[in-house]
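These notes concern the structure reproduced below.
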Amino acid sequence: MKTILTNCLRKLIMFAIPGLFIMASCEEELIGTEPVNTPVNNFDYFWKTFDNHYGLFEVKQIDWNGLYNQYRKQVNDQMTDAELYVVLTNLIVQLNDNHVNLYPTNSELPVFPGGVIRYENEQLTILKVQKDYSLNVVKNYVPNLKQQTEFIRYGWLSDNIGYLNIQGTDSQKDTQRALDKILSELQNTQALIIDLRGHYGGMDAVSQLVAGYFSQETKLYMTSRKRNGPGHNDFTSVNEWYVRPAGAAPYTKPVYVLTSRFTQSAGETLSLALKELSQVTFIGDTTAGGLSDNPNFEMPNGWIFSVSVGDYRAADGTSYEGKGIPPDQFVRTDKEDLLAGKDPVLEQGIARARQ
Amino acid sequence: MKKLLYPLVICTVLMTAQAQDYEKRPWMPLENRIGLALGIGTVTYLDKNTSPLIYRSKPANVRLFYNLESNTFLFSLDIDFRIGSNQPKYHPNRTLYFREEDYTGKTEDKKFPAGGSFMAGRISLGTYYKIPSTQESTFKVAVGGRISNELFYPQGWTVAGMFNALSFSPEGLVQHRVNEHHSITASARIPVAAWLTRPPYDNTASAPDKTMVGGFFSNARWVSVDQFLAPAIGLRYDYQFNQRWGAGINYEAGWHSITSPQPFRSLNQTLLANVYHNF
């Protein structure tokens, strides 16, 4: 009995061990190899990934090959991580793109840009801290603010004005459930303020759904196409995004949408959808200007970076990438206002809603 | 993992005690078999659509299996689930550092591990014809096919390695029955057609009127071995304690090579210990 068991196990091992050994020894052939982790290889990989995937070269009139020639000569294999970081960030600044980020895995090097970037006329500004909006200050005006989901809050302002705050995107099901409830409660308000100033992004299809709760008709609000090949003009066919009536009864009374420099990504695609609706007025500041999807990629040294792979346009063909969507009425809340517990943008929204 | 293996060891010890009751049974009889397998494995992959880095995970494996065997046919249903941490092989402890500041000047430093998790699931249904042989023969051969749905779902800062494949594979089994207690089975299969879903070239899943899951599966398409090559081999040792109970060890290895949108390759090895009940 013991002998048979031993023999069988021996047979199994006779097959399995060589199998394991062959698999392990052939891993390189079966899987492939990583590029050697040198500054030059990292720079080339980084540049090439943008070359193969970035969707806004044409929109932003970027000479990417020219930038390679300009920055490649600043790179050598003796340079430090910090020096490489400087070259890479100087390169991507040229894209003036809020959806392009570099995440070094090195505690001495910060995430870049780590805020809202603008690079125009060779002038770089990065807003690292949001000083034009605070949910805590909003609560001074909406003391009964209720949190319905992770990202959706609502309440009532004075004079029967509703307040809806969206700071991101939940799942479609949660969003639908939340908005069905909230808008049934707010249906008798005389106007509604939708606050997108803390909306940093999420899923565009959820933004599409949200906008539907305020639309009586189906309207084109955005087109998108994404890179599908290494050529700068290799794009998928154009996707058309329509806002469609959603919920039991769309909210068609006056709506005031509050935006800030930090409203970005799916917050901006939601803005594009709401802009198509006749009862909607935008108040606040120009949005960040980063609409495209921006998946993450990795470099041979393990650093992570994101690339805007799409070309997203408003229904009229306008691209707001790098520019942001301007409000109908420009009002800015600043740090001093917030420290004083005031929110001039929200106050303007309330004033307009009372009219 | 050790905790998961304890019940198997206990069952094995208990059933060994019953081995004396074993009665001789016909070779490949009509019987149902249901079992549970637990084990460990490694998954190594390189997904050039997203990353130049080779990822490695050592997931824990759980398998529920059901076999039905008649004099002529064999049927099998396997449900596999694997879960574990997931890191680049040569950059295992990456951390991302963030500094957050609010309008009052309050700052907060945050750091997040850049690694993620690896999950994979597979459900497969196989049907095999047993090539006739004599009762005296200690070798049996069965040929047939397997329909499998396999999902690789690594989660982290990138979508490297993600795919779903509903595939059909011809498969062959060879079983060597040493005696009424011991048998060894080898198997090999290769998918010849698959309904394959990978993230697209742009690595995103967002699309109008679609959830992320819907967006991901909108990239599905039929492929053959020129675009989806996934041979797999298995070697299994079974010890039959008695007519009702048995236990065994499986070693399985598989390789995936997907060519589109850019090359993806993975190598998987799994070692499972199983117990089963015949009825």
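The values are calculated or read from the model by the stated rules, or taken from the named source; none is laboratory data. Here the structure is a predicted model, which is why all the values come from computation and not from measurement. Reconstructed Cβ throughout: ideal geometry from the backbone, glycine too, with neighbour counts over all protein chains shown.
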Practice task
Of the conditions (1) facing chain A (nearest Cβ under 9 Å); (2) surrounded by fewer than 21 Cβ atoms within 10 Å (Cβ to Cβ); (3) touching a residue at least 12 places away in the same chain (Cβ under 8 Å); (4) over 22 Å from the mean Cα position of the chain (by Cα), B:Ile131 clears all except one; give me its number.
Solution key: (1)
Handout entry: For A:Thr252: the one exception among (1) among the β-branched types (Val, Ile, Thr); (2) under 21 Å from A:Gly168 (Cα atoms); (3) part of a loop (DSSP other than H, G, I, E, B)
Key = (2)
Fill in the blank from the handout: Checked against (1) touching a residue at least 40 places away in the same chain (Cβ under 8 Å); (2) under 27 Å from B:Ala114 (Cα atoms), A:Trp64 satisfies every condition except (2)
Fill in the blank from the handout: Across (1) away from every other protein chain (no Cβ under 14 Å); (2) in contact with a strand residue (DSSP E or B) (Cβ under 6 Å, 6 or more places away or on another chain); (3) of a type in the set (D, E, K, R), A:Arg197 clears everything bar (1)
Exercise for the section: Those residues that are polar (S, T, N, Q), more than 14 Å from chain B (Cβ to nearest Cβ) and more than 15 Å from the chain's Cα centre (by Cα), I need them from the stretch A:274-318; list them, please. Expected result: A:Ser278, A:Gln279, A:Thr281, A:Thr286, A:Thr318
Handout entry: Residue count, the stretch B:233-248 (criterion: within 12 Å of chain A (Cβ to nearest Cβ) and not β-branched (Val, Ile, Thr))
Key = 10
Fill in the blank from the handout: How many residues of the stretch B:74-104 are surrounded by fewer than 15 Cβ atoms within 10 Å (Cβ to Cβ), in a strand (DSSP E or B) and either in contact with an Asp or Glu (Cβ under 7 Å, 6 or more places away or on another chain) or of a type in the set (A, V, I, L, M, F, W, C) (or both)? The answer is 5
Practice task
Could you tell me whether any residue of the stretch A:220-232 is surrounded by 15 or more Cβ atoms within 10 Å (Cβ to Cβ), basic (Lys, Arg) and touching a helix residue (DSSP H, G or I) at 6+ places or on another chain (Cβ under 6 Å)?
Solution key: yes
Practice task
State whether one or more residues within the stretch A:237-244 are over 24 Å from B:Met212 (Cβ atoms) and either among the hydrophobic types (A, V, I, L, M, F, W, C) or at pLDDT below 95 (or both).
Solution key: no
Exercise for the section: Answer yes if at least one residue in the stretch B:105-123 is touching a residue at least 24 places away in the same chain (Cβ under 8 Å), out of contact with any helix residue (DSSP H, G or I) (no Cβ under 6 Å at 6 or more places or on another chain), assigned to a loop (DSSP other than H, G, I, E, B) and within 14 Å of chain A (Cβ to nearest Cβ), and no otherwise. Expected result: yes
